[in-house]
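**Student:** I'd like to ask some things about the structure below.
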Amino acid sequence: MTPVARPDLAAPLPTLPGQRCLLRALMPADAPAITRHADDPAVAHNLFEGFPQPYTLALAEAWCGWQHRLPFNGHVWAVDVAGEAVGCISVRPDAGWLACNAEVGYWIGRVLWRRGIASEALALVTAWAWAELPAVQRVYAPIFARNAGSQGVARRAGFVLEGQLPRSRIKGGEVIDTVLWARYRPGSTPATPSTPSAVSGVSGVSGVSGVSGVSGDSAA
């Protein structure tokens, strides 16, 4: 019998140290902690529709084992606080004529909200993208408009509000609005409208089990 080839997996990522958190590679041993923090309706409320609830240990084991390294999921880190994986953050470059863009998504467990952890993690990943993804000129985060906490995370990480996407996502059977926040490569001079406008034509869907295309952290 011909053995089944493993999928092409992304290369291991560097550790990114911060003052409040450490971004590092996910490991199989992180599965119980990821389950504990992800299996929470308050966390899933502002994440994309495919984020599992309940979030079982089996799902976490697959995600932490190899699934997070599938190219579709981009570059994924564990958000580590005091030696425990309390969430995930990712950056995923777009392809083709949109290859100058990269999408970020993030979440952390509810007990760590409003401590500045997510905004620091987002700033660390964005700085990494400027250094390691030379084609990327814009890093963007689609966020549910109702999610004031995650918008605060983006703002504190230096992102600016680009525009609104009314009636652009379905969550729990409800059609809801999304907003786009973004940062631009240092040294570039993008036009900045005085009033955010409705925008379209940018996809915001990402990984299936651990990080979403709609940033859903309520941390500050």
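Just so it is clear, none of the values below were taken in a lab; they were calculated from the coordinates. What you see is a predicted model; the values in this text were computed from it and never measured. Here the Cβ is made from the backbone with ideal geometry for all residues, glycine too, and neighbour counts use every protein chain on show.
**Student:** Anything in the range 158-176 that is in contact (Cβ under 8 Å) with a residue 40 or more places away in the chain and either surrounded by 14 or more Cβ atoms within 10 Å (Cβ to Cβ) or among the aromatic types (Phe, Trp, Tyr) (or both)? List them, or say none.
**Tutor:** At the first step, the residues of the range 158-176 found to be in contact (Cβ under 8 Å) with a residue 40 or more places away in the chain are 169-172.
Those that are in contact (Cβ under 8 Å) with a residue 40 or more places away in the chain and either surrounded by 14 or more Cβ atoms within 10 Å (Cβ to Cβ) or among the aromatic types (Phe, Trp, Tyr) (or both): Arg169, Lys171.
**Student:** How do the helices (runs of 4 or more DSSP H) wholly within the range 1-118 filter down when requiring 2 or more residues that are buried (at least 23 other Cβ atoms within 10 Å of the Cβ) and of a type outside the set (D, E, K, R): which remain? Show your work before the answer.
**Tutor:** Details: elements: 31-38, 41-44, 57-65.
Qualifying helices (runs of 4 or more DSSP H): 31-38, 57-65.
**Student:** Please indicate, with yes or no, whether at least one residue in the range 21-38 is closer than 25 Å to Asp177 by Cα, among the aliphatic types (A, V, I, L, M) and out of contact with any Pro (no Cβ under 7 Å at 6 or more places or on another chain).
**Tutor:** Step one: of the range 21-38, the residues closer than 25 Å to Asp177 by Cα are 38.
Checking which are among the aliphatic types (A, V, I, L, M) leaves us with 38.
Within this subset, residues satisfying the condition of being out of contact with any Pro (no Cβ under 7 Å at 6 or more places or on another chain) are 38.
Scanning the range 21-38 turns up at least one residue that is closer than 25 Å to Asp177 by Cα, among the aliphatic types (A, V, I, L, M) and out of contact with any Pro (no Cβ under 7 Å at 6 or more places or on another chain).
**Student:** For the condition β-branched (Val, Ile, Thr), in contact (Cβ under 8 Å) with a residue 60 or more places away in the chain and either crowded, with 16+ Cβ neighbours inside 10 Å or touching a helix residue (DSSP H, G or I) at 6+ places or on another chain (Cβ under 6 Å) (or both), what is the one hit in Val153, Val136? Let's see the steps before the verdict.
**Tutor:** Numbers: Val136 fails: in contact (Cβ under 8 Å) with a residue 60 or more places away in the chain.
Result: Val153 is the single residue among Val153, Val136 that is β-branched (Val, Ile, Thr), in contact (Cβ under 8 Å) with a residue 60 or more places away in the chain and either crowded, with 16+ Cβ neighbours inside 10 Å or touching a helix residue (DSSP H, G or I) at 6+ places or on another chain (Cβ under 6 Å) (or both).
**Student:** Hey, any hits in the range 113-127 for a residue that's among the acidic types (Asp, Glu) and over 15 Å from the mean Cα position of the chain (by Cα)? Steps first, answer last, please.
**Tutor:** Keep residues of the range 113-127 that are among the acidic types (Asp, Glu), which gives 120.
From the residues that got through so far, the ones that are over 15 Å from the mean Cα position of the chain (by Cα) too are none.
No: the range 113-127 contains no residue that is among the acidic types (Asp, Glu) and over 15 Å from the mean Cα position of the chain (by Cα).
**Student:** Step by step: first the residues of the range 119-167, then only those that are part of a helix (DSSP H, G or I) and among the acidic types (Asp, Glu), then the one that is farthest from Tyr184 (Cα to Cα). Which residue is that?
**Tutor:** Restricting attention to the range 119-167, the residues satisfying the condition of being part of a helix (DSSP H, G or I) are 119-132, 148-156.
Remaining after also requiring among the acidic types (Asp, Glu): 120, 132.
On the way: Glu120: 17, Glu132: 15 Å.
Checked the range 119-167; the qualifying residue farthest from Tyr184 (Cα to Cα) is Glu120.
**Student:** Any residue at all in the range 111-121 that's more than 25 Å from Gly172 (Cα to Cα) and of a type in the set (Phe, Trp, Tyr)?
**Tutor:** no
**Student:** Being surrounded by fewer than 22 Cβ atoms within 10 Å (Cβ to Cβ) and within 20 Å of Asp177 (Cβ to Cβ) is the requirement here; does Ala148 meet it? Step through it out loud before you land on a result.
**Tutor:** Values: surrounded by fewer than 22 Cβ atoms within 10 Å (Cβ to Cβ): yes; within 20 Å of Asp177 (Cβ to Cβ): yes.
Taking the combined requirement at face value, the residue satisfies it.
**Student:** Then there's this: List pairs: first residue in the range 92-119 and of a type in the set (S, T, N, Q), second residue assigned to a strand (DSSP E or B) anywhere in the structure, Cβ distance under 7 angstrom, at least six positions apart or on different chains.
**Tutor:** Asn101/Arg138; Asn101/Tyr140
**Student:** Six or more apart or on different chains, Cβ under 8 Å: which pairs go from a residue in the range 23-45 that's within 20 Å of Val125 (Cα to Cα) to one that's among the β-branched types (Val, Ile, Thr)? Could you list them?
**Tutor:** Once the first residue is within 20 Å of Val125 (Cα to Cα) and sits in the range 23-45, its partners that are among the β-branched types (Val, Ile, Thr) give Leu23/Thr15; Leu23/Val79; Leu23/Ile89; Leu23/Val125; Arg24/Thr15; Ala25/Thr15; Leu26/Ile34; Leu26/Val76.
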